[in-house]
Amino acid sequence: MQRVTILGATGSIGQSTLDVISSNPDRYEVFALSANSDWEALASLCERFRPAVAVIAQPEYREQLAQRLKVSGVGSEVLSGAESLVTVAAMQEADTVVAAIVGAAGLLPTLAAARAGKRILLANKEALVMSGQLFIDSVKQHHATLLPVDSEHNAIFQCLPTAVQADAYMGALDQRCGMRRILLTASGGPFLGHSLADMQNVTPGQACRHPKWSMGRKISVDSATLMNKGLELIEACYLFGVSTDQVDVHIHPEAIIHSMVEYLDGSIIAQLGSPDMRTPIANALAWPERTDAGVSFLDLFSMGSLNFSAPDLARFPCLGLAASAFEEGGLKPTQLNAANEIAVEAFLQEQIGFMQIPDLVSEALQVETCGRGQDLESILEEDRRTRSWCRQWVTRVAGRVEAN
Ligand code: NAD
Ligand code: MG
């Protein structure tokens, strides 16, 4: 029996994980669940899964959650506050921690899980992008196991030799298994066929309507700008120890091939499946075994053709910005991530336009970072500084728009 903690249980990945757990009650048991502010959704999940611990990150909702669980006779211990996420991630009763919080808020708890030597199912790519080598090193140092849940990285993982998969730290792959490059696929998002002029005026509603995946709002906007692919490029470089020129992004609108690995002998190995996050989640939960994910199976006869094209960096500058940030190194990926989080939030609140997301990120990246050291303190400081710089940018730009 694997005991599982889900950080971000009320989100899209959280729900898919709980679905897989429900399909396999003989293998998995929920130990702890967390949410940010939606205490009612968290309470409903607690009533259904009866975790030992429930954490609500926003402390003002603690009382309501505790009251409701008391009335419904659920004995979960109720904790609150960001520091409780860190505590719960390291609790010894759990074997597995699913990192499914969105954004930088997931960094400290995910890092705590690494330091506690957990089996980590990583969906929260922002945590890895902003902390990079520090995170990978702490996985290695504390003998944690890092299993990618992001569908592309899970696909790449599945395309690797078993002996390499078994090594919790998978860095420097090319030297060890004859890998030539990674083919990272991208559906292209909702604006794949839009002109640059049309993209200036798209709304948050349109940006969040992904043609293939149903996801949280932040990652949906990231998919629309292709920043999601940029973050995934960085994620792949850190996870698999490769450089950006060993990762080629392929636009593949059908979203059936979730990524591929090319080897020196000319073989390309691909992982295919329906675009349903329950497959990579079930894969990572059960690894190295396999279980039922509850997904519909692919019918290749009904697929027709699969298409591939190169990304257009003029319409989707975020992808290029992410690659440059990783190549520059130091705290640039931290800065990129922080700027993007503020830009996406401002776009979702209709303070800035869609194409101002890359504008803001690009301008924020011009600012010098606070040193190059990838220690935790510098990472958190860079994250804070960039956010504050970007908020001022948004205020200036939004002010200009209102004045017009
Ligand atoms: P979501 O918005 O649906 O859910 C986010 C979860 O995090 C919620 O449970 C929310 O309560 C919690 N949360 C948000 N802010 C928090 C904070 N400040 N403190 C504590 N908890 C907080 O997001 P999602 O789509 O499930 O994505 C989660 C992560 O997984 C993201 O990093 C995303 O990039 C990654 N991911 C998602 C998908 C997908 O299909 N949804 C695929 C690959 C990777
Ligand atoms: Mg992905």
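The values are calculated or read from the model by the stated rules, or taken from the named source; none is laboratory data. Quick caveat: nothing in here was measured; it's all calculated off a predicted structure. Positions of Cβ are generated from backbone atoms using ideal geometry, with glycine treated the same way; all protein chains shown enter the neighbour counts. With ligands, DNA and RNA removed, areas are computed over all heavy atoms of the protein, side chains included. Shrake-Rupley method; radii C 1.70, N 1.55, O 1.52, S 1.80 Å.
The condition (being farther than 22 Å from Ser324 by Cα and touching an Asp or Glu at 6+ places or on another chain (Cβ under 6 Å)) is satisfied by just one residue among Ile281, Ile268, Ile257: Ile268.
Filter region 96-108 down to the residues that are open to solvent by less than 10 Å² (accessible area, probe 1.4 Å) and under 21 Å from Arg217 (Cβ atoms) and list them by number. Val98, Ala99, Gly103, Gly106, Leu107, listed by residue number. Does region 27-45 contain at least one residue that is over 23 Å from the mean Cα position of the chain (by Cα), surrounded by 19 or more Cβ atoms within 10 Å (Cβ to Cβ) and modelled with pLDDT of 95 or more? For region 27-45, residues over 23 Å from the mean Cα position of the chain (by Cα), surrounded by 19 or more Cβ atoms within 10 Å (Cβ to Cβ) and modelled with pLDDT of 95 or more: present. Within region 61-90, the residues that satisfy the criterion of being of a type outside the set (Gly, Ala, Ser) and open to solvent by less than 40 Å² (accessible area, probe 1.4 Å) are Leu65, Leu69, Val74, Val78, Leu79, Leu85, Val88. Every test in (1) open to solvent by less than 10 Å² (accessible area, probe 1.4 Å); (2) free of Cβ contacts under 8 Å to residues at least 40 places away in the same chain is passed by Arg115 save one, and that test is (1).
Can you find even one residue in region 217-227 that is hydroxyl-bearing (Ser, Thr, Tyr) and open to solvent by 40 Å² or more (accessible area, probe 1.4 Å)? No; the residues of region 217-227 include none that is hydroxyl-bearing (Ser, Thr, Tyr) and open to solvent by 40 Å² or more (accessible area, probe 1.4 Å). Can you confirm whether Leu376 is within 20 Å of Leu111 (Cβ to Cβ) and surrounded by 13 or more Cβ atoms within 10 Å (Cβ to Cβ)? When the stated conditions are applied, Leu376 passes them.
Yes/no per residue for (1) on the phi < 0 side of the Ramachandran plot; (2) touching a strand residue (DSSP E or B) at 6+ places or on another chain (Cβ under 6 Å); (3) of a type outside the set (A, V, I, L, M); (4) within 11 Å of ligand 1 (Cβ to nearest atom):
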residue: Ala54; (1), (2), (3), (4): yes, yes, no, no
residue: Leu65; (1), (2), (3), (4): yes, yes, no, no
residue: Thr87; (1), (2), (3), (4): yes, no, yes, no
residue: Leu121; (1), (2), (3), (4): yes, yes, no, yes
residue: Glu126; (1), (2), (3), (4): yes, no, yes, yes
residue: Val139; (1), (2), (3), (4): yes, yes, no, no
residue: His142; (1), (2), (3), (4): yes, no, yes, no
residue: Leu146; (1), (2), (3), (4): yes, yes, no, no
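Just so you know, in region 140-153 the residues that are out of contact with any Asp or Glu (no Cβ under 9 Å at 6 or more places or on another chain), in contact (Cβ under 8 Å) with a residue 40 or more places away in the chain and assigned to a strand (DSSP E or B) include one that is farthest from Ala186 (Cα to Cα), and it is Leu146. State yes or no: is Gly304 over 19 Å from Met227 (Cα atoms), open to solvent by 30 Å² or more (accessible area, probe 1.4 Å) and part of a loop (DSSP other than H, G, I, E, B)? When the stated conditions are applied, Gly304 passes them.
This table checks each residue for (1) in a helix (DSSP H, G or I); (2) within 16 Å of ligand 2 (Cβ to nearest atom).
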position	(1), (2)
Ser138	yes, no
Ala155	yes, yes
Arg181	no, no
Asp198	yes, no
Pro211	no, yes
Ser220	yes, yes
Ser223	yes, yes
Ala236	yes, yes
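For region 46-58, the tally of residues that are open to solvent by 10 Å² or more (accessible area, probe 1.4 Å) and under 14 Å from Glu29 (Cβ atoms) stands at 4.
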